[in-house]
Amino acid sequence: MTPYTPLTQLPEAAGYGKGDVFVLFGELFGRGYANGIVDEARKAGMTIIGATVGRRDNNGPLRPLTPEELAEAEASLGGRIINVPLEAGFDLEPAADGLTPVDRLKGVKPDTVVETRLDMAAIEESRQKGLARFRENLALFVKELDGLIPAGANVLIAHTMAGGIPRARTLMPILNRVFKGQGDRYLASEPFWNSAVGQLCSLSFDEVTADTFGALMAATAGLRSRVEGAGARISYSAYGYHGCAVLIGGEYRWQSYTPYLQGWAKIRLEEIATKAWQEGVKATVYNSPEIQTNSSALFLGVEISLYPLLAALRKEGEGAAAKAIWDACQGLLKEGETLDALLEKADAYLSSPVLKPFGTYEEWPRHNAPEQAGLMLAVSDELMAMSADSKNVVCAELSKSVFRAVGRLMFDHSWNPQAPVLWLNHDIIARRLVS
């Protein structure tokens, strides 16, 4: 297990500026963590270069962006996108029999998923094809990237690829029951994860979330030598998740969302960064707090740990910035509701004896349990219901503050990185916001 290493001091302002290059290895979709670091690069005057995962029409062959799609993506990024499709994973790659892993999931149902058998040899064939395609396209991407980075420029490459849920319609009802099921609809995550379908998901998560980071660093070894040979800096960042310390009962305590099935892939990501660091590559995984985004909507209850950030803002110095966040959040509540009442309910949940068995760092990630899932989902609903508009909730407002702070912390720390894996807990997030 990776040693638990929180970032405890605000890093000094990064020295990046005009003429330096920021590379987004991933693609912006909506608002989320990646926007925070892109905003920092833009403010610093860096040249911004992005990637695309490409597109598929009706799950057909992978293709580059059309001119219209490219123009829209570049406007969103505020920079140039290298139009080589960098979709990772293998869920839509046919094996010799013409079937993709997604095809093999047809007919899978929640009640029978644990007994479902899959042709793992054929899935491995698809995986190897997906890997070959990704690495071939990655080489083309890096060749073009190399020509866009001037001599003497400092470079920051931010890896944002994550996820990897196979795109099978039959899988979502199963995952909804694993992550959101309670009572009769509860589905235990452990037998699911140990099944053939779970094994397929695990391979896909590893490929997309973790192995792409290693492939990126290997493919840019020549670029790295050129940049460092000219006396400039090159750093790599990636987004991790491995729980987060939040205020519980007045003190910062590590806790985690359960069941986080991508957790094993996130540990693999940490191991890849640690190995690269040992080889002299400045690569850091920043384990970031729970937030609510489009991509986290499946994990109902993950947002409960976000509410104590309000208390952390008070504890770490308050001030105008903290007051602005409190006021914005209070303005989203129903008449008669208060943030103090919301914090009290969140703290009662996080302090619950039901969660105690899930609070050991060394045992992460943990699988769900009926009582834990039922409590988490009930409290999530209760806290969400305190907002006046279900489409404009307190945790979404807090999420904006978090990805802004995380972007700044990652950006500044990457100038002179100190470790391969760091936790950005609520204390350092709050200090970044109030300072």
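Taken together, the values in this text are just the output of simple stated rules run on the coordinates, not laboratory data. Keep in mind it's a predicted model, so treat the numbers as computed, not measured. All Cβ positions, even for glycine, are placed from backbone atoms using ideal geometry, and neighbour counts span all protein chains on display.
Across region 29-35, coupling constants 3J(HN,Hα) worked out from phi with the 6.51/-1.76/1.60 Karplus curve, θ = phi - 60°, read 10, x, 10, x, 3, 4, 4 Hz, and Gly and Pro carry x.
Working ranking of peptides 134-142, 364-372 by packing, defined as the average number of other Cβ atoms within 10 Å per residue, highest first, is 364-372, 134-142.
Considering only Val197, Leu138, Tyr4, and ranking their Cα positions along the charge dipole of the chain that arises from unit charges at the beta-carbon of Lys, Arg, Asp and Glu, the one farthest toward the positive end is Leu138. How much net charge surrounds Leu300 when only other residues with a Cβ under 15 Å from its Cβ are counted (Lys, Arg +1; Asp, Glu -1)? Taking every other residue near Leu300 into account, the sum is -1. Taking the Cα centre of the chain as reference, the dipole from Cβ charges on Lys and Arg (+1) and Asp and Glu (-1) amounts to some 580 debye. Comparing Glu115, Glu290, Glu74 in a Gaussian network model of the chain, where Cα atoms under 10 Å apart are tied by springs, the biggest mean-square fluctuation is seen for Glu115.
Per-residue 3J(HN,Hα) values for region 279-290, derived from phi via the Karplus relation 6.51 cos²θ - 1.76 cosθ + 1.60 with θ = phi - 60°, read 8, x, 8, 7, 10, 10, 8, 9, 6, 9, x, 5 Hz in sequence order (x marks Gly and Pro). Considering amide H positions built from the backbone, and no H for Pro or chain starts, which residues 5 or more places from Gly50, or on another chain, come under 5 Å of its amide H? HN-HN under 5 Å from Gly50: Leu24, Arg80, Ile81, Ile82. May I ask you to derive the relative contact order of the chain, considering only C-alpha pairs under 8 Å and at least 6 residues apart, and to give it as an integer percent? Worked out over the chain, it gives 22 percent. Charge dipole of region 227-323 (Cα centre as origin; +1 on each Lys and Arg Cβ, -1 on each Asp and Glu Cβ, all else neutral): 60 debye, rounded to the nearest 20. Sequence-distant contacts, meaning Cα pairs under 8 Å at least 6 residues apart, place the relative contact order of region 238-286 at 41 percent. Protection proxy ranking, highest mean first, for peptides 335-342, 161-168, 399-406, 217-224: 399-406, 161-168, 217-224, 335-342, where packing is the per-residue count of other beta-carbon atoms within 10 Å, averaged.
Scanning residues 5 or more positions from Gly163 or on other chains, those with amide H under 5 Å from its amide H are Thr209, with H placed 1.01 Å from N in the peptide plane.
For region 232-347, the residue among Ser296, Leu247, Trp277 whose Cα projects farthest onto the positive side of the dipole built from Cβ charges is Trp277. Each residue of region 125-134 is assigned a 3J(HN,Hα), and the resulting list reads 4, 4, 4, 5, 5, x, 5, 5, 4, 4 Hz, derived from the Karplus form 6.51 cos²θ - 1.76 cosθ + 1.60 (θ = phi - 60°), x at Gly and Pro. With helices as the sole contributors, the chain gives -13500 deg cm²/dmol at 222 nm; each DSSP H run of n ≥ 4 counts as -39500 (n - 2.57), and the sum is divided by every residue.
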